[in-house]
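The values are calculated or read from the model by the stated rules, or taken from the named source; none is laboratory data. The structure presented is a predicted model; accordingly, all values stated were derived computationally and were not measured. Neighbour counts are summed over all protein chains in view; Cβ atoms, including those assigned to glycine, are modelled from backbone coordinates with ideal geometry. The area values use the complete protein model at the heavy-atom level, side chains included, leaving out ligands, DNA and RNA. Shrake-Rupley method; radii C 1.70, N 1.55, O 1.52, S 1.80 Å.
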Amino acid sequence: MTSTILIIDDDHKIAAMMRRGLTFEGYNVLVSHSGKEGLLQLLEENVDLVILDIMMPGIDGIEVCRRIRKEDNIPVLMVTAKDAVSDRVTGFEMGADDYLIKPFAFEELVARVKALLRRVSTGGEQTLDFIVFSDLTLDTAGHVAIRKGREIELSTTEYNLLKIFMDNPRRILSRDLIMEKVWGYDFSGESNVLEVYVGYLRNKLESQDEKRLIHTVRGSGYVLKE
């Protein structure tokens, strides 16, 4: 069954971009350009998820979210240019399920949408099924990576190695730490096995001439950074 997503955003250009992309992904997408219009559509349509901008004239996103929560438990993804911690806290206090800061990669939006819809379909609590860094998404349920819409199959070792990097973005990880986490304390294989697997990952992640994300820090280890 196709999920219906309601986008409430007064920025016509961004709303149109999201609508096109999510429609291509197979969702039924509705758009409202004001809080008042969005609340009316929620009364008239059967909506599975709301993508909601905070900064709108009239009824803003915080108030829309508060009113939604009074009547329904539909998942709400806040999308806004505001990045202050206080804004995020206010959004969550009003009942938002997730928060995405503009500008964002479309792949990250899709990952958040899928995670929220999966939570509803399973009837469970929200879990982190996707980890996103730059234009790279790691599907922790399917054990695949996604970069610019391209699905990348990973071996078990490649997945475990990439997940360590994705869990620790911009942090320099020592060779010993990575070896311990991926291969264990009693690892006794070839000394260059880490370098080999980093090479495998780079080849897969950069096969379409994408920019390098896993960098060597000479004398220290490796780091995931833009």
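A few notes on this one:
- Number of Lys pairs (Cα under 12 Å; 8 or more positions apart or on different chains) in the chain: 4
- Within the accessible area of the range 139-226 (1.4 Å probe), percent carbon and sulfur: 44
- Taken along the Cα-to-beta-carbon direction at a fixed 7 Å, the label points for GLU180 and GLU44 span 6.0 nm.
- Of all DSSP bridge pairs formed entirely within the chain, close to 50 percent run antiparallel.
- Overall dimensions of the chain as given by Cα atoms, namely Rg and Dmax in Å: 20.2, 65
- Most to least packed among 110-116, 218-224, 52-58 [average Cβ atoms within 10 Å]: 110-116, 52-58, 218-224
- Working from label points 7 Å from Cα in the Cα-to-Cβ sense, the MET17 to GLU37 distance is 1.9 nm.
- Shape category assigned to the range 1-50 from the gyration tensor of Cα positions, a/c cut at 1.5: oblate
- Probe 1.4 Å, accessible area per residue of the chain, Å²: 54
- Taking the inverse of the mean 1/r over every pair of distinct Cα atoms in the range 142-182 gives a Kirkwood hydrodynamic radius of 11.1 Å.
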